[in-house]
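Colleague: I'd like to ask some things about the structure below.
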Amino acid sequence: MAGILEFKDLIFRAGAATPVISLSGSIEDRQALIVRGPSGSGKSTFLRVLARLHPAVSGTVRLEGQDWLRYPGPEWRVRLVYVAQKPAMFSGSVLDNLVRPFELGAVRRRAELNMTLIEEGLDRLMLPRTILKQDAGRLSGGETARVAVLRAVLVGPQVLLLDEPTAGLDRESRSAFYAFMQGWLAKGKRALVMVSHGEDYSLLKDTHILNLGVGGVEV
Amino acid sequence: MTGGVVPISDWQLALSVILVVIAGTVSAVFRLGLLRPLVWGTVRTFVQLTLVGYVLTYVFALNNLYLILALVTLMVYIASRAAVRRTPNVPRYPAGLAFVALLASTYLVGTIVTQLIIAPEPWYSAQIIIPIFGMILGNSMNGIALSLDRLYAEVRGRLGEVETLLSFGATPWEAVRDSVREAIRAGMTPTINSLMVVGLVSLPGMMTGQILAGADPQDAVRYQIVVMLMIAAAAAIGCLILVGLSYRKMFDSDGALRQEAYERG
């Protein structure tokens, strides 16, 4: 059975001097792929390759059976949204940050800004609603990480690519984060790819592990 | 009409070496190590300007349209190469795009000024065209270099923001729009600032030259007004074209940022 996201013989390089990494695999609907491996093994680059922010040497990725080259770059990226390990905040308030993606044509064609979703998301991520008026540049690391995930969820992606989203979170907000992600996955027709060092991803229902070593492995 | 130029004879010109001796003494006393470049620079100034004097005499006498066009285009080419020195933030200086931007802005603004405003007889009078186009060129060269440099500096400074926008499906234009705006602003600001203080701080070179040549200051002022406004227009057009053409080079065909575009080469 074809998964929601498949990658076949995906070959890429993390840097000019590093060996190529070759990966094949697939992710089922509502599943989370947990990417693990030592630092420098290409975990972040793998996520960036999937988002087409970093060029692949060769290979294909399919989203619901559709070849990735059938989408122009921006149209692909709005479907597979990548959230960096240290997400950048735009200048302005947290609300400005959540609204900013909706100024982009590709986002506006897919989703509408919904205040109820924002408030629900804040509650479930254990962020106070008053945070909306705060200066986004003054948030703590843990707050920034959760605001960045919420900002990504709002644009309605099919696949979320999260690079160590729980690194700056305490135990309580980690559980809240996983509950939020599980709720997001449960809506169906979506999947999660996540780089994680810890074991706490077991809070998600359906996970698959991808271990990156030297030269890449298959799942 | 007042008297013409007070000429400088060969003997009088030779006296200007006194000025070099003064500058050289300063360098020697403070051991600045500038003696050699000073002497070399002095020789070059004499040789280059003397040659330019001969060339201009020849070109003015001949007043051939095609020769004028070729000369102006050569000047644009040299200016587009020279602008690279003012763009330390740009890893791969787009000489071709700079040439296109300068060519378009210089010819457009130069044509408006010489044909619509000054309207000499014949319409391609070398004595008008070459200095006017040269002044446009010298100023828009600085403008485009500033704006290009600023574009790369802005994108590098906002890398996280630009990448985040891209990851939400921004097109290259949507991702760098703010940086482009800042870059064009940076290229235009010096000429706009000079509109504010012109004549108050120092007399502009062109006007000074006309006054030394015996022109009525009021006529010189009219020329200077035209020159100031044409410089502002040329800087605006040149920056717009160059920044508009070169931001796309920072992205690959897939619309993702090229790493080598923003890393220092």
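The numbers here are math on the coordinates, done by the rules we state, and not lab data. Being a predicted model, the structure only gives us computed values, none of them experimental. Please note: Cβ atoms are built from the backbone with ideal geometry, for glycine as well, and neighbour counts cover all protein chains shown.
Colleague: Tell me which DSSP H helices of chain B clear both cut-offs, 27 Å or more of axial length from alpha-carbon atoms and a mean Kyte-Doolittle hydropathy of at least -1.0.
Modeller: B:35-62, B:126-157, B:172-197, B:217-246
Colleague: Report, in deg cm²/dmol and to the nearest 500, the calculated mean residue ellipticity at 222 nm for chain A, where each DSSP H run with n ≥ 4 adds -39500 (n - 2.57) and the sum is divided by the residue count.
Modeller: So the helix-based figure for chain A works out to -8000 deg cm²/dmol.
Colleague: For chain B, set up a Gaussian network in which alpha carbons nearer than 10 Å are linked by springs, and say which option among B:Thr50, B:Thr25, B:Thr171 fluctuates the most.
Modeller: Between B:Thr50, B:Thr25, B:Thr171, it is B:Thr25 that shows the largest mean-square fluctuation.
Colleague: Take every Cα pair under 8 Å in region B:105-180 that's 6+ residues apart, average their separations, divide by the length, and report that relative contact order as a whole percent.
Modeller: Values: 30 pairs, mean separation 18.3, N = 76.
Across region B:105-180, relative contact order equals 24 percent.
Colleague: If you don't mind, there's one more thing I want to ask. What residues have an amide H closer than 5 Å to that of A:Gln31, excluding those fewer than 5 places away on the same chain, when H is modeled at 1.01 Å from N in the peptide plane?
Modeller: Distant-sequence amide H within range of A:Gln31: A:Leu192.
Colleague: Classify region A:125-179: rounded, prolate or oblate, from the alpha-carbon gyration tensor (a ≥ b ≥ c, eigenvalue square roots; a/c under 1.5 rounded; otherwise prolate if a/b is larger than b/c)?
Modeller: oblate
Colleague: Separate question: May I ask for the Kirkwood hydrodynamic radius of region A:1-40, worked out over all distinct Cα pairs and given in angstroms to one decimal?
Modeller: 11.9 Å
Colleague: Kindly provide the helix-only [θ] at 222 nm of chain B, computed as the sum of -39,500 (n - 2.57) over DSSP H runs of four or more divided by all residues, to the nearest 500 deg cm²/dmol?
Modeller: The per-residue figure over chain B is -24500 deg cm²/dmol.
Colleague: Through the Karplus equation 6.51 cos²θ - 1.76 cosθ + 1.60, θ set to phi - 60°, convert the phi angles of region A:143-160 into ³J(HN,Hα) values in whole Hz; use x for Gly and Pro.
Modeller: Taking θ as phi minus 60°, the curve returns 5, 4, 4, 6, 4, 5, 5, 4, 4, 6, 5, 4, 7, x, x, 8, 10, 9 Hz for region A:143-160.
Colleague: Quick one: which residues, 5 or more positions from B:Arg158 or on another chain, have an amide H under 5 Å from its amide H? H modelled 1.01 Å from N in the peptide plane, none for Pro or chain starts.
Modeller: Here the answer is none, since no amide H 5 or more places off falls under 5 Å of that of B:Arg158.
Colleague: Another question about this same structure. Within a Cβ distance under 10 Å of A:Asp163, other residues only, what is the Lys/Arg minus Asp/Glu net charge?
Modeller: +2
Colleague: Quick one, what does Rg over Rh come out to for region B:53-100 if you take C-alpha atoms and the Kirkwood Rh?
Modeller: Looking at region B:53-100, the ratio lands at 1.17.
Colleague: Here is a further query. What are the extents of the Cα atoms of region B:26-135 along their three principal axes, in Å, largest first?
Modeller: 54, 38, 22
Colleague: If the only charges are +1 at each Lys and Arg Cβ and -1 at each Asp and Glu Cβ, what is the size of the charge dipole of region B:1-144 around the Cα centre, to the nearest 20 debye?
Modeller: Working: 7 positive and 2 negative charges, 142 e Å.
Here region B:1-144 has a charge dipole of around 680 debye.
Colleague: Report, to the nearest 10°, how far helix A:115-124 tilts away from the longest principal axis of the Cα atoms in chain A, using its own Cα long axis and a range of 0 to 90°.
Modeller: The two axes meet at around 80 degrees.
Colleague: Which lysines have a Cα lying under 22 Å from the Cα of A:Lys187, excluding residues fewer than 8 positions away in the same chain?
Modeller: A:Lys205
Colleague: Now for a different question. Straight-line reach from A:Lys8: which lysines fall under 24 Å, measuring Cα to Cα and dropping same-chain residues less than 8 apart?
Modeller: Within the straight-line cut-off, A:Lys8 pairs with A:Lys43, A:Lys189.
Colleague: How far is helix A:171-186 tilted off the main Cα axis of chain A, in degrees rounded to 10, range 0 to 90?
Modeller: Helix A:171-186 and the main axis of chain A meet at about 70 degrees.
Colleague: Turning to a different aspect of this structure: Using only Cα atoms, figure out Rg for region A:149-219 and give it as a multiple of 2.2 N^0.38 Å. Can you show the working numbers first?
Modeller: Values: Rg = 12.7 Å, N = 71, 2.2 N^0.38 = 11.1 Å.
Rg over 2.2 N^0.38 Å, computed on Cα atoms: 1.14.
Colleague: Further question: What are the radius of gyration and Dmax of region A:85-184, computed over its Cα atoms and given in Å?
Modeller: Using the Cα atoms of region A:85-184, the pair Rg, Dmax is 12.6, 37 Å.
Colleague: Moving on to the next point. Students often forget the sequence filter, so: which aspartates and glutamates lie under 17 Å Cα-Cα from A:Lys133 once same-chain residues fewer than 8 apart are removed?
Modeller: Within reach: A:Asp96, A:Glu119, A:Glu120, A:Asp123, A:Glu143.
Colleague: What list of whole percents do you get for P(r) of chain B, with Cα-Cα distances grouped in 5 Å bins up to the one holding the largest distance?
Modeller: 1, 5, 10, 12, 13, 14, 13, 11, 8, 6, 3, 2, 1, 0, 0
Colleague: Then there's this: May I have the pair-distance distribution P(r) for region B:138-254, computed from all Cα-Cα distances with 10 Å bins from 0 and rounded to whole percent?
Modeller: The distribution over region B:138-254 is 14, 34, 23, 15, 9, 4, 0, given as percents.
Colleague: Region B:196-258: percent of C-alpha pairs farther apart than 20 Å?
Modeller: Values: 995 of 1953 pairs.
In whole percent, the share of Cα-Cα pairs in region B:196-258 beyond 20 Å is 51.
Colleague: Determine ³J(HN,Hα), in whole Hz, for all residues of region A:96-108 in sequence, where each value follows from phi through the Karplus function 6.51 cos²θ - 1.76 cosθ + 1.60 and θ = phi - 60°; x replaces Gly and Pro.
Modeller: Each residue's phi maps through the Karplus curve to give 3, 5, 6, 7, 3, x, 6, 7, 8, x, 4, 6, 4 Hz.
Colleague: Would you work out if region B:104-192 is rounded, prolate or oblate? Take a ≥ b ≥ c from the square roots of the eigenvalues of the alpha-carbon gyration tensor; rounded if a/c is under 1.5, else prolate when a/b is larger than b/c, oblate otherwise. Intermediate results must be reported in sequence, preceding the final value.
Modeller: Details: a/c = 4.70, a/b = 3.08, b/c = 1.53.
Note, shape of region B:104-192 comes out prolate.
Colleague: Along each of its three principal axes, how wide is the spread of alpha-carbon positions in region A:87-126, in whole angstrom units, largest first?
Modeller: The principal-axis extents, from largest down, are 30, 22, 15 Å.
Colleague: Given N residues in chain A, what is its alpha carbon radius of gyration divided by 2.2 N^0.38 Å?
Modeller: Working: Rg = 16.8 Å, N = 219, 2.2 N^0.38 = 17.1 Å.
Rounded to two decimals, the normalised Rg is 0.98.
Colleague: Where the only charges are on Cβ atoms (+1 Lys, Arg; -1 Asp, Glu), what is the dipole of chain A about its Cα centre, to the nearest 20 debye?
Modeller: It works out to roughly 400 debye.
Colleague: Can I ask one more? Would you mind working out the magnitude of the charge dipole of the protein assembly as shown relative to its Cα centre, with +1 at each Lys and Arg C-beta and -1 at each Asp and Glu C-beta, to the nearest 20 Debye?
Modeller: 380 debye
Colleague: Give the residue from B:Leu159, B:Ala126, B:Leu212 lying farthest towards the positive end of the charge dipole for chain B; charges sit on Cβ (+1 for Lys and Arg, -1 for Asp and Glu) and the dipole is referred to the Cα centre.
Modeller: B:Leu159
Colleague: Placing one identical point scatterer on every Cα of region B:1-63 and ignoring solvent, what is log10 I(q)/I(0) from the Debye formula at q = 0.11, 0.12, 0.23 Å⁻¹?
Modeller: -0.41, -0.48, -1.01
Colleague: Counting residues in the protein assembly as shown as N, plug N into 2.2 N^0.38 Å and put the Cα Rg over that result.
Modeller: 1.34
Colleague: Once amide H atoms are placed 1.01 Å from N in the peptide plane, what residues at a sequence separation of 5 or more from A:Leu210, or on another chain, have their amide H within under 5 Å of its amide H?
Modeller: HN-HN under 5 Å from A:Leu210: A:Ile34, A:Val35, A:Arg36.
Colleague: Another one. Relative contact order of chain B: what whole-number percent is it, with Cα pairs under 8 angstrom and at least 6 residues apart?
Modeller: Here the relative contact order equals 26 percent.
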